[in-house]
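Read the figures in this text as sums done on the coordinates, not as results from a lab. Bear in mind the structure is a predicted one, so any value in this text is a computation, not a measurement. Here the Cβ positions follow ideal geometry from the backbone for every residue, glycine too, while neighbour counts run over all protein chains shown.
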Amino acid sequence: MHIADIFERDTTTYSFEFFPPKTSAASEELFETITKLKPYRPSFVSVTYGAGGTTRELTHDLVLRLKSNAGLDPIPHLTCVCHSEYEIRTILSAYAEVGVSNILALGGDPPRELAGYNRDKDAFRYAADLVRFIRKFNDSGVHPDRRGFGIGVAGFPEGHPATPNRLLEMDYLKAKVDAGADYIVTQLFFDNHDFLDFQERCDLAGITVPVIAGIMPVTSLAGMKRMAELAAGARFPAKLLRAIDRCGGDPSKIEQVGIHYAAEQCLDLLNHHVKGIHFYTLNKSTATRRIYDSLGLYNPTTKSA
Ligand SMILES: Cc1cc2nc3c(=O)[nH]c(=O)nc-3n(C[C@H](O)[C@H](O)[C@H](O)COP(=O)(O)OP(=O)(O)OC[C@H]3O[C@@H](n4cnc5c(N)ncnc54)[C@H](O)[C@@H]3O)c2cc1C
């Protein structure tokens, strides 16, 4: 379903992010997760896109499987990095052919294994260029929906590390939206003030598309360190660190505290009438299910329901 129709249908969107599994055991685990999460009726699910190589095809495979076998509405991520215009057009055509309705258009980071990779070889430097290209593709009439793909872009409530000038960064975000993005999904954050302030700054910059809040519960100390690495610059508030510290290293208490913290974040965001909450699931279901259950989000109400 085109994202505009999803926003029209769902007062608040709830969505889950998955990454393509690389082994058959990981694939089995993911589909178990999906079976457990499906009854929660996500507005959509999204599938990450690898930095390069074979994992990129896995995104396409998982998107097809989610759409045809799991009956979910998948939004593939697509990145500029390491791609020619021909490759991007081919990917878009393949998604259009099977009726994928939306794409999350991203800059992407050069893969670690390609240290020193020269971005001059890429057809598109920034996500805004990719958004512009998808819009052009939409005009070509290849997509079965006459509007073409709905387009999402990334937003960074705490700022993106490559652009320390926050005023300039907002100009770049506005450029992505002006190029044709329909919505923004944010990087994970642990202090709602950062998100609400980001939303206000978007408003002030004249960005009127919906902003979906990205939430990733801390479920282990190792996971927290991975998060800090992946979401470079993410700030872990003292309140969260203190709560984790009180667990004395007990893994099950840490998980409980992390999930409780994320649930409180979600409750507060809902009280602030956030347009959507996007759960970074890491292909696991427990944290998301517990948050849903503790907030009474089971079978979220939709305008049409
Ligand atoms: C919701 C979400 C999902 C993600 N999914 C994936 C994924 O599936 N695969 C993956 O590889 N990565 C993913 N990422 C990571 C993302 O690709 C990186 O964080 C990347 O560095 C920034 O992506 P972007 O789309 O914001 O890029 P861009 O919008 O291109 O911005 C990248 C940097 O360039 C700056 N910039 C933008 N325009 C200009 C300009 N004209 N001149 C100078 N500087 C400019 C921006 O301020 C920013 O610092 C995701 C991030 C988020 C938040």
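So the values come out like this:
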{"read-out": "Extension reserve of the Arg41-Thr55 stretch, reckoned as 0.36 nm per residue once the Cα distance is removed", "value": "2.3 nm"}
{"read-out": "Qualifying aspartates and glutamates (Cα of each under 16 Å from Cα of Lys239; at least 8 residues distant if same chain)", "value": "Asp191, Asp194, Glu255, Glu264, Asp268"}
{"read-out": "Highest average packing first - 141-148, 109-116, Cβ atoms within 10 Å", "value": "141-148, 109-116"}
{"read-out": "Cβ-Cβ FRET estimate between Asp139 and Leu230, R0 fixed at 35 Å, reported to 0.05", "value": "0.50"}
{"read-out": "The range 160-199-the range 220-252 distance, computed between alpha-carbon centres (Å)", "value": "23 Å"}
{"read-out": "Unsatisfied cross-links (Cα-Cα over 22 Å) in the set Lys176/Lys275; Lys38/Lys67; Lys121/Lys174; Lys38/Lys253", "value": "Lys121/Lys174; Lys38/Lys253"}
{"read-out": "Computed label-point distance, nm, for sites Asn69 and Leu295 using a 7 Å Cα→Cβ extension", "value": "3.0 nm"}
{"read-out": "Translational diffusion coefficient (Stokes-Einstein; Kirkwood radius from C-alpha pairs) of the range 1-158 at 4 °C, 1.567 mPa s, in µm²/s", "value": "79 µm²/s"}
{"read-out": "Virtual paramagnetic centre 7 Å along Cα→Cβ of Glu264, amide N under 14 Å, in the range 162-204", "value": "190-193"}
{"read-out": "Convex hull volume of the chain per residue (C-alpha atoms, cubic angstrom)", "value": "136 Å³"}
